[in-house]
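A short write-up of the structure that comes next.
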Amino acid sequence: MKRLDLILSLLTPGCRIADIGCDHAYVPISAVSSGVASFAYASDVREGPLSRARENVGKAGLSDKIVLALADGLDGADKYGTDTVIIAGMGGELTAEIIDRAPFVKDQKIKLILQPMTAQDKLRRYLLGSGFEIMSEHISKEGARVYQMIVCKYTNKPQSYTDAELIVGKNHVEKELVSSLYKKYITKYEKIVKGKAASDKDISFDEKILCELKEKYGNVNAL
């Protein structure tokens with residue numbers, strides 16, 4: 001399933017979404033035009049993409065249901081009754097920073113749908129250490145690229161993840177795509193270990209991750 005379709009499938013009918021880093025506003029347009037979302041707040045820090053988003057929203061005839069804003073992160077999103085936050089296509093560290101600067105999302109009624117492009121482990125570590133519970137983990141594949149998606153909300157309930165699980169997640173809904181995800185990270189960490197070993201750098205942590213990934217990958221193939 002493509003990322004856009006996966007995001008739409010994770011929305012609760014009638015929700016009011018905030019799409020942060022909306023780019024050309026494809027997510028809010030699709031969500032509102034399909035009827036799954038009743039309203040969308042969409043922001044970007046760049047005027048160029050936001051200008052294109054305005055054109056797209058206008059062409060779709062949705063200017064009354066989608067508010068566009070030149071804003072940093074979730075600034076202003078709390079004014080629109082937001083109950084679903086979407087942050088897709090950013091790095092995991094930046095995603096964590098955006099969430100951390102918006103205390104209003106620490107509410108059990110607010111769902112967060114996150115699709116980090118990098119530093120997935122740092123994002124998960126932040127979420128778990130800040131009272132957010134990971135409700136479900138998802139995988140999207142487009143061509144050869146594999147993406148991770150995290151659905152969470154603030155519950156202040158403890159969860160436990162191993163170092164490898166912080167990187168790849170666990171209990172993914174899309175079981176048929178788990179092998180692709182593990183292959184991607186096994187290849188990545190094999191290169192990391194080889195490169196560090198060639199430079200006489202400490203490989204103990206990366207080797208530990210690689211061993212766990214390979215062990216879990218074997219279990220995945222046995223399913």
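The values are calculated or read from the model by the stated rules, or taken from the named source; none is laboratory data. All values reported here derive from a predicted model rather than from experimental measurement. Every residue, glycine as well, gets a Cβ built from its backbone with ideal geometry; the counts of neighbours run over all protein chains shown.
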(request) Would you be able to tell me the number of residues in the range 160-186 that are polar (S, T, N, Q) and in contact (Cβ under 8 Å) with a residue 40 or more places away in the chain? (result) 3
(message) Among the numbered criteria (1) in contact (Cβ under 8 Å) with a residue 12 or more places away in the chain; (2) not assigned by TED's automatic domain parsing to the domain that holds Thr84, which one does Lys157 miss?
(response) (2)
(request) Quick one: in the range 115-129, of everything that is of a type outside the set (S, T, N, Q) and not in a helix (DSSP H, G or I), which residue is farthest from Tyr161 (Cα to Cα)? (result) Met117
(message) For the range 190-223: of the residues being closer than 25 Å to Arg3 by Cα and in contact with a helix residue (DSSP H, G or I) (Cβ under 6 Å, 6 or more places away or on another chain), which is modelled with the highest pLDDT?
(response) Leu213
(request) Please work out which residue is surrounded by the fewest Cβ atoms within 10 Å (Cβ to Cβ), limiting yourself to the range 169-208 and to residues that are in contact with a Lys or Arg (Cβ under 8 Å, 6 or more places away or on another chain) and under 20 Å from Met117 (Cβ atoms). (result) Ser180
(request) Name the single residue, out of those in the range 164-192 being among the acidic types (Asp, Glu) and in a helix (DSSP H, G or I), that is farthest from the chain's Cα centre (by Cα). (result) Glu190
